[in-house]
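Notes follow the structure.
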């Protein structure tokens with residue numbers, strides 16, 4: 001392929017469970033880096049199992065995926081990502097979570113789970129969260145305090 005590679009989120013229907021899912025730009029980029037081409041997956045992340053060329057592996061317990069490059073894993077009991085609060089500004093209403101691999105992810109007070117109190121989001125507190133792609137990049141949602 002000559003020229004620059006372009007990417008865009010694509011809505012796909014899983015051939016196995018018929019669930020709609022989004023084939024996101026970050027996964028497309030990883031696939032292109034590893035394989036030199038992008039092919040739309042025919043199964044949703046929950047239905048995909050085992051290793052594939054993109055470096056992703058299925059999580060047998062949750063049916064969800066983990067990144068073999070970074071080693072980021074989901075909590076075995078809940079299937080959610082884990083991290084610690086790097087900082088949270090209650091006045092501004094946002095902060096960042098540090099993941100175990102050292103990456104940081106943005107979160108907003110509106111992304112806190114109903115059980116989470118914004119005043120408890122102190123530096124170093126352990127949290128679990130789901131990750132979704134927003135217009136500005138990855139964002140932690142459904143953020144819950146652990147322990």
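Points worth noting:
- R0 of 41 Å, Cβ-Cβ distance residue 115-residue 18: FRET efficiency to nearest 0.05: 0.80
- Just so you know, the Rg over Rh for the stretch 81-145 is 0.91, from Cα atoms, with Rh as the Kirkwood radius.
Each value in this text was obtained by applying a stated rule to the coordinates, not by laboratory testing. Values in this document were obtained by computation on a predicted structure and should not be read as measured data. Virtual Cβ from ideal backbone geometry, glycine too; neighbours counted across all protein chains shown.
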